[in-house]
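Here's the structure, in structure tokens; my notes come after.
The values are calculated or read from the model by the stated rules, or taken from the named source; none is laboratory data. From a predicted model like this one, the values you see are computed outputs, not experimental measurements. Neighbour counts are summed over all protein chains in view; Cβ atoms, including those assigned to glycine, are modelled from backbone coordinates with ideal geometry.
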């Protein structure tokens with residue numbers, strides 16, 4: 001099956017290609033404009049992006065909205081993870097702000113990914129994946145993107161950050177990997 005991925009983020013496209021195999025992941029056509037992420041939940045944002053892409057292309061579209069939630073900050077930055085330090089902030093600026101704000105006595109964080117699939121007829125199905133962990137005090141590693149250099153997953157006992165894992169190790173435990181596997185399970189069960 002061919003799936004249009006409703007994102008302009010090249011990192012996400014590269015990450016989802018192997019996660020959604022054997023399905024073929026296609027980039028969003030240049031002429032499709034995605035709506036702003038104004039939802040209060042990851043699922044709302046993912047659904048509106050997927051629906052927009054499906055309507056514009058006439059193809060089945062998938063979209064994710066994902067981010068990091070810090071327990072000590074009441075779940076922030078949450079749906080604003082990509083804009084945490086400002087509308088045009090870089091990954092490094094967003095991470096630096098989070099590292100400054102998370103207190104030493106509670107560094108628990110979770111990566112959350114909502115993955116929505118929209119059909120051209122308007123039907124939408126959403127799944128979610130989570131990865132629990134702690135925030136390192138300083139960034140480490142050169143892999144991944146976003147908050148990966150400071151996210152130490154609970155699933156590993158070696159203390160490496162997501163940015164220090166191989167892509168295969170990361171996919172096995174990441175929020176996107178878990179959401180993708182839930183989505184593939186839904187497809188295999190003969191989506192309604």
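Assorted remarks:
Residues checked against (1) closer than 21 Å to residue 85 by Cα; (2) surrounded by fewer than 16 Cβ atoms within 10 Å (Cβ to Cβ); (3) touching a helix residue (DSSP H, G or I) at 6+ places or on another chain (Cβ under 8 Å); (4) modelled with pLDDT of 95 or more:
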position: 96; (1), (2), (3), (4): yes, no, no, yes
position: 102; (1), (2), (3), (4): yes, no, yes, yes
position: 139; (1), (2), (3), (4): yes, no, yes, yes
position: 146; (1), (2), (3), (4): yes, no, yes, no
position: 161; (1), (2), (3), (4): no, no, yes, yes
position: 178; (1), (2), (3), (4): no, no, no, yes
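- Criterion (touching a strand residue (DSSP E or B) at 6+ places or on another chain (Cβ under 9 Å), modelled with pLDDT of 95 or more and buried (at least 22 other Cβ atoms within 10 Å of the Cβ)) met by exactly one of 109, 134: 109
- Of the residues making up region 1-36, those that are assigned to a loop (DSSP other than H, G, I, E, B), touching a residue at least 40 places away in the same chain (Cβ under 8 Å) and surrounded by fewer than 15 Cβ atoms within 10 Å (Cβ to Cβ) number 1.
- Filter pass, residue 90 being free of Cβ contacts under 8 Å to residues at least 12 places away in the same chain, loosely packed, with under 13 Cβ neighbours inside 10 Å and closer than 28 Å to residue 25 by Cβ: yes
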